[in-house]
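Right, one structure below, let's go through it.
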Amino acid sequence: MAEVTRRRLGEIQRAIFAALLDHPDGLDAKEACARAEALCPPTAFENADYPSSPGARRYPKMQRFATISSVKAGWLVKHKGVWRLTDSGRGAYATYTDPDAFEAASRVGYKKWQQNHVPATYDAAEEAADAEAVRLEAADRTRQRRAWLIRGANVDGVSVLPQWFAEGFCSIGWRDVPEIPPGTTRAGIAALVKESTPDDSPVSRGLATGVLDRFHNVMRPGDLVATLARPNVYVGEITGDPLYTGDPLTPRRRPVRWRNAANPFLVSDLPPDAADSLRGQMTLSDLTDHFAEFARLGGVEVDATSELLRIDAVVPTPDEELAEQLLLPLDWLTETVELLNEKRQIVLYGPPGTGKTYLAQQLCKALVEAAGGEYDLVQFHPSYAYEDFFEGLRPRLDPDGSGGVAFELVPGPLRRMAARAAANPTVPFVLIIDEINRANLAKVFGELYFLLEYRNTSVSLQYSDESFALPKNLYLIGTMNTADRSIALVDAAMRRRFYFQGLFPTEAPVDGVLTKWLTRHRLPPEPAALLNALNDAIGDPDFAVGPSYLMTPRVGLPGGLERIWRTGILPLLAEHYFGEGRDIDAEFGLDALRERMGGAHRTDPSA
C-alpha cells in the first residue's frame, strides 16, 4: 500500500485552506472539498476506493483526515456541515507556505491541544465524520502497527539482552508449557497452561495465558518492540512469526531487527506519560499509545498518518438544538461538556427529580453516540464492591467435567468499557455511574482512585497483577442525590478527582425548566407555581423537589396533579421528616400550598 507523506498531508490541508480563504462565513463541507480537489488533484492511489470499503472513495476521506490537526490547532472550524477558517488559520496559511512546514505546525498545534484540551469548535456530526475517516484509514492498513514492551534484563537472574541483540530476536519463557502450535486460540493456550501448571493459582495461570496469547496471536511482523535495561531503552521491529526452541532461558522467540542496540536512548528522553508506561513487572505489555515516541527515538520510520490514527477523542460541543430539546441554557451545557473533557470525570449532583440521570443519558445519546462512541450505565449501592465494578474472582463449574468448582477472573463494567475504549481510541466512551455516593467509593475504586487523577500513569492491579491505565477516551459521569448524602460529606479524595456540577430546583439552570416544559405542552402554569411554593416551604436546597415529578402530561388531566402529589411527592416528604411529628399534608399538601400562595404566588424566574 502507498505511504502517505507528511508533505502530502500538508498539500491537502493547504488546498482546503485556499478554497476557504475568500469565504469568511465558510463553505459547505462538500463544496469546500470539491474546490480543494480542483486545486490539489488526487493521485491514482488517492482517487481509488478503500479496498476494505468498496464504494468509499479515499480522497474525500483523506481531506477530512488531513484536516483533523487543523481543527485541534484552532485554525479550522467544522460545524453543522460548514467549514470556516479562523483568524489564526488564515495567519497559518500565510506564514507556512511550504506544505512540510504547514503540516508540522498543525501537528504542533494539535499536540498543544492534547496537553491543554483547548475547546475546538466541532459538533457531533462533524466529529463522527472525521472519526469515520480515521476508521477507514486504519482499516485499510489491515491492522494498525502496535508497540510492545518485552522484558529480558532479568531472566532467572540473567540478562538475555546481549543474546537478543547479537542474534536478532526477543523471547519469553514459560518452559513448563509445551510448544504452542500456530493458530492455537487463547482458549487452547489456557488449556495447555492449566495442564502444564496444575499447581499454579488461577490468577497465575491467567497471567501466563495472557502473555502467551499476546506473544503468539496478537503480536505481528512490523510491530515495534522495546526493552529496558535502565536507564537505556532499546527499540526494534518484529520481522517474523514465533519460534519454539526449548532453550532454558529463551524458549519462545520472535525475530527482531534491533534498530538502536548500539546507541540506546534514555528513559528520561521520553515524555513523562511514555516513560511511565515502562513501569510495572509484566513480561509483555502494550505500548501502542506511545508508538510515535518510541519509533522516533528508536530511529524507526513510520507512515505520516500513523500519529493521526491515534488522535485523542473528545466529547463534542453541544449545540442550540440539544439545548432546546433539554430545556437548558446552551452556555451551561457547553460548560458541562468542557468540564468533562478537561477532567474526564464529573458528578451531576442535586436533590430528587432534577433530571441528573436523564441529562447524563441524553448527553451521551446526542454527543457520544453521534461521534461514534458508546456509553453504558451502572448503579452503585451499599453492597457494591471493586469485584463488581472492575474485576474479581467468580466461582464457575470446572470445565473439565469433574463437577468441581474453579475460580475465574471476571471483568466488571469498568474493565469491559476500558477494553472497548482502548481498542477504539479515536472516539469517546462514557460510563455513567448512577447514585455514585451510595457505595463505599474507596472500596469500589481501590487502586483505580489513583488513575482517576493520573490518567497518564499505570498501576498494578490487585487481582490480575498486571499494569493497567485508564484510556484517555474513557469518561465517567456520576450522579449524586443530595437528599441521601450532602456533597460536603463526600471525602476530599473524590472531590479532587471529579468536577461537580449542581442541579438544584431553585437555582439555574433547573429553576425555569418546568415552566418551559408546561409552555411547550400548552399546559396551565399552576404546577410550576406550586412547586416553587413547596420548595420555599421546605427551605432546604439539598432536599428541594425537582421538576421531573411534574413533567408528565398527567398534570393536565382532571385529578392528575392531585394524584402525583399524593402518591409521589408527599411520601417523599413523609420519609424525609419521619419521626419529627409533623403533619405533612397540612404543611405541604396542595390545599395548604394554594392557601399559602393566596393567588399571589412567586412566578418562575424564566417565565
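The values are calculated or read from the model by the stated rules, or taken from the named source; none is laboratory data. From a predicted model like this one, the values you see are computed outputs, not experimental measurements. Here the Cβ is made from the backbone with ideal geometry for all residues, glycine too, and neighbour counts use every protein chain on show. Remember, those area values only see protein heavy atoms, side chains included, never the ligands or the DNA or RNA. Shrake-Rupley method; radii C 1.70, N 1.55, O 1.52, S 1.80 Å.
Some points to look at:
- Computed log10 I(q)/I(0) for the chain at 0.10 Å⁻¹: -1.01, from the Debye equation with unit scatterers placed on every C-alpha and solvent omitted.
- What the Kirkwood sum gives for the range 173-238 is a hydrodynamic radius of 13.3 Å, with every pair of different alpha carbons counted.
- Close amide-amide hydrogen proximity is noted between residue 375 and 430, each under 5 Å apart and 5 or more residues distant or on a separate chain (H modeled in the peptide plane; Pro and chain starts excluded).
- The range 217-349: relative contact order as a whole-number percent, Cα under 8 Å and 6+ apart: 17
- Helix-only CD estimate at 222 nm, as mean residue ellipticity for the chain, using -39500 (n - 2.57) per DSSP H run (n ≥ 4): -11000 deg cm²/dmol
- Grouping the Cα pair distances of the range 209-365 into 5 Å bins from zero gives a pair-distance distribution of 1, 7, 13, 14, 13, 9, 8, 8, 8, 8, 6, 3, 1, 0 percent in increasing distance order.
- Size descriptors for the range 1-100 (Cα atoms only): Rg and Dmax, in that order, 13.2, 39 Å.
- Inter-label distance for residue 460 and residue 263, nm, one decimal - labels placed 7 Å from Cα along Cα-to-Cβ: 3.6
- Cα-based Kirkwood hydrodynamic radius, the range 525-603, one decimal, Å: 12.9
- Segment residue 39..residue 596, full-extension length gain: 193.2 nm, with 0.36 nm per residue of separation and the alpha-carbon distance subtracted.
- In the complete set of protein chains, residue-level accessible area for residue 296 is approximately 150 Å², probe 1.4 angstrom.
- When only Cα pairs below 8 angstrom with a gap of at least 6 residues are kept, the range 336-407 shows a relative contact order of 12 percent.
- Here the accessible area is traced with a 1.4 Å probe on the protein chains. For the chain, carbon and sulfur cover 51 percent of it.
- Mean accessible surface per residue for the chain, computed with a 1.4 Å probe while every protein chain stays in place, in Å²: 44
- As a length-normalised measure over Cα pairs under 8 Å and 6 or more apart, the relative contact order of the chain settles at 12 percent.
- If R0 is 60 Å, the Cβ-Cβ spacing of residue 330 and residue 179 corresponds to a FRET efficiency of close to 0.45.
- Estimated at the nearest 10 Å², the accessible area of residue 82 is 60 Å² with a 1.4 Å probe.
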